[in-house]
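Quick note: the coordinates plus some simple rules give every number you see, no bench work behind them. Keep in mind the model is a prediction, meaning the values are calculated, not measured. Cβ coordinates were reconstructed from backbone atoms using ideal geometry, including for glycine residues, and neighbour counts include every protein chain displayed.
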Amino acid sequence: MEKALLVSIQIKTDKHHWRIEDISSELEELAVSSGVQVIENVICICDKATANYLIGKGKLEEISVIASEDAVDTIIFSHDLSGTQQRNLEEALGRKTIDRTQLILDIFSRRAKSPEGKMQVELALLQYLLPRLAGKGIMLSRLGGGIGTRGPGETKLEVDRRQVRKRISKLKDDLEAFRSHRLTTRKKRKGNNLPLVVLVGYTSSGKSTLLNRLTDAAQTTSENLFTTLDPLSKSLQMPNGQNIIFSDTVGFLHELPHHLIDAFKATLEEVRDADLLIHVLDVADQRIHQHNQSVQSVLDDLGLKDKPVLVALNKIDLIPDRSWLEVCKNNFPNSILLSAKTGENTKALIDSIENYFSSLMLSLKIIIPHGRMELVDFFYRQAKVDKIDYLQRGISISLRISRELFSKINKDKEIKIIY
């Protein structure tokens, strides 16, 4: 197993909302998720970043001593490194040096399973490496050799910017084809008037576990970060008979690298198209407020701050003090305490989702001709039928439908709307 020394950095001149202890803790979680053995986590608080090494020479010497004594293979910095800083650090420390973004890309490379997921990760990796190809320290030629250097697909390229740009262009074209296919699927879903509920949240908050609990999706779950990269959608029939599509998404992260946001834009379009978001928060994590802010920041970047949201305060099975849970609930408006693992209170979430969509529906009574029997089946599938009577003048149906469906049937001259 590869040995890694972590360097958790906080620069006083940077705008940041996280304590150095939280930065350090998350970096260690990321490193463990990548499969390395963490030897030590060095805390480094700097007045300002230096152009050559990011950190001061005194701290650089301390890191060098620890790395030599413990025979460290890789040094991982929590702060993004410029190409120059990375090359200088590798030369000074005599060891492979990577930053947080490369570490995240490494985890994504391990997790991606579908062809689209692999292409998204490769695109993010190449976009990250492209400006760092000059010099011998940065490694497109050594991809595949360990943490921070993995890459799916055709990544063993020579250090040639033209080749890399050509590959990036090809990946973008291929991902656009996947996007077009997904767009067709979304249009079909909209045509069937099926509402879409999308689960969002910080990585490892329990989104996949909740999807499994609600829909028997059999999505892979783990305590490691970023277990799920490929989105999965499943249908669920609500207690009132309405069918709703639930979709999982890639987990968000504090200061999620923009390369990943760009590469996963097609996947994140599912979030834009959602009728309702379920924001899953890990109530047992002391960083819950920081996680909430991070997710809100990503949603704002995607232009989704006005989307309707229900907050699922997950993992209450890990909190014995229920009085504290109620205090926590009061801090998050429109929230529900639950445990996706045990199923406790998930019915309350389903009821809230059902109530939300019911509030958007119109109650109608209509008359359809006997010769339009296909509409009876249609309304049973696309609406909530409360009562049906077969009369001499036609078929009387009392039902609740979405406003979108109402606009469609209102154009049908053979359907008589009573109220």
- Message: Which one, Tyr202, Val72, Gly56, projects farthest toward the positive side of the charge dipole computed for the chain from Cβ point charges (K/R +1, D/E -1)?
- Response: Tyr202
- Task: Mind checking the full-extension length gain between Asp301 and Ile388? Use 0.36 nm per residue of separation minus the Cα-Cα distance, one decimal, nm.
- Result: 26.6 nm
- Item | For Ile11, distant residues with modelled amide H under 5 Å away | Cys46
- Loop-resident sites, region 265-358, for trypsin sites (Lys or Arg not before Pro), counting at most 13 other Cβ within 10 Å (DSSP): Lys305
- Loop-located GluC sites (Glu not before Pro) in region 344-419, at most 16 other Cβ atoms within 10 Å (DSSP): Glu344, Glu414
- Note on the structure: One quarter of the C-alpha convex hull surface, i.e. the mean projected area of the chain in nm², amounts to 23.8 nm²
- Report, to the nearest 10°, how far helix 20-33 tilts away from the longest principal axis of the Cα atoms in the chain, using its own Cα long axis and a range of 0 to 90°. 80 degrees
- Message: Could you order the peptides 108-115, 92-99, 208-215 from most to least packed, using the average number of other C-beta atoms within 10 Å per residue?
- Response: 208-215, 92-99, 108-115
- Quick one: Karplus J couplings for region 381-396, per residue in order, coefficients 6.51, -1.76, 1.60, θ = phi - 60°, nearest Hz, x for Gly and Pro? 7, 9, 9, 10, 8, 8, 7, 9, 10, 8, 9, 5, 7, x, 9, 8
- Item | Length gained when the stretch Lys188-Ser114 is fully extended (0.36 nm per residue, less Cα-Cα span) | 24.4 nm
- Message: In Å and on Cα atoms, what radius of gyration and Dmax does region 302-419 show?
- Response: 20.8, 63
- Item | Computed P(r) (all Cα pairs; region 3-105; 10 Å bins; percent) | 16, 54, 29, 1
- Task: Go through Lys3/Lys315; Lys207/Lys341; Lys365/Lys408 and tell me which ones have a Cα-Cα distance over 20 Å in this structure.
- Result: Lys3/Lys315
- Could I have the simple spin-label model distance between Thr342 and Val38, label points 7 Å from Cα toward Cβ, reported in nm to one decimal? 2.8 nm
- Task: Once you have a ≥ b ≥ c as the square roots of the Cα gyration tensor eigenvalues for region 360-417, tell me rounded if a/c is under 1.5, and otherwise prolate or oblate according to whether a/b is larger than b/c.
- Result: prolate
- Query: Quick one: if you stick a label point 7 Å off each Cα along the C-beta vector at Asp351 and Tyr419, how many nm between them?
  - Reply: 2.9 nm
- Between the helical axis of 288-301 and the dominant principal axis of the chain, each derived from Cα atoms, what acute angle in degrees is found, rounded to the nearest 10? 70 degrees
- Item | Theoretical gain in end-to-end length, Ser358 to Ile168 [0.36 nm per residue, Cα-Cα removed] | 63.9 nm
- Message: Which aspartates and glutamates, if any, have their Cα less than 18 Å from the Cα of Lys387, not counting same-chain residues under 8 positions apart?
- Response: Glu374, Asp377
- Message: I need the phi-derived Karplus couplings for region 341-358: 6.51 cos²θ - 1.76 cosθ + 1.60, θ = phi - 60°, integer Hz, Gly and Pro marked x.
- Response: 5, 9, x, 4, 6, 5, 5, 5, 5, 4, 4, 5, 5, 4, 5, 4, 6, 5
- Message: Name the residue from Ala312, Val327, Ala284 whose Cα lies farthest towards the positive end of the charge dipole of the chain, charges +1 on Cβ of Lys and Arg and -1 on Cβ of Asp and Glu.
- Response: Ala312
- Message: Pick from Gly83, Gly394, Gly371 the residue whose mean-square fluctuation is largest in a GNM of the chain, springs joining Cα atoms under 10 Å.
- Response: Gly371
- Message: With θ taken as phi - 60° and the coefficients 6.51, -1.76 and 1.60, list the Karplus ³J(HN,Hα) couplings across region 69-85 in order, rounded to whole Hz; mark glycine and proline as x.
- Response: 5, 9, 6, 6, 8, 9, 10, 10, 9, 6, 9, 4, 10, 6, x, 5, 4
- Message: Just want the ordering: Lys3, Lys48, from fewest to most Cβ atoms lying within 10 Å of their own Cβ.
- Response: Lys48, Lys3
- With an 8 Å cut-off on Cα pairs and a minimum separation of 6 or more residues, tell me the relative contact order of the chain in percent. 11 percent
- Query: Residues with amide H under 5 Å of Phe252's amide H, sequence separation 5 or more or different chain, H placed in the peptide plane at 1.01 Å from N; which?
  - Reply: Gly201, Tyr202, Thr203
- Work out the FRET efficiency for Met1 and Asn243 from their Cβ-Cβ distance, taking R0 = 41 Å, and round it to the nearest 0.05. 0.30
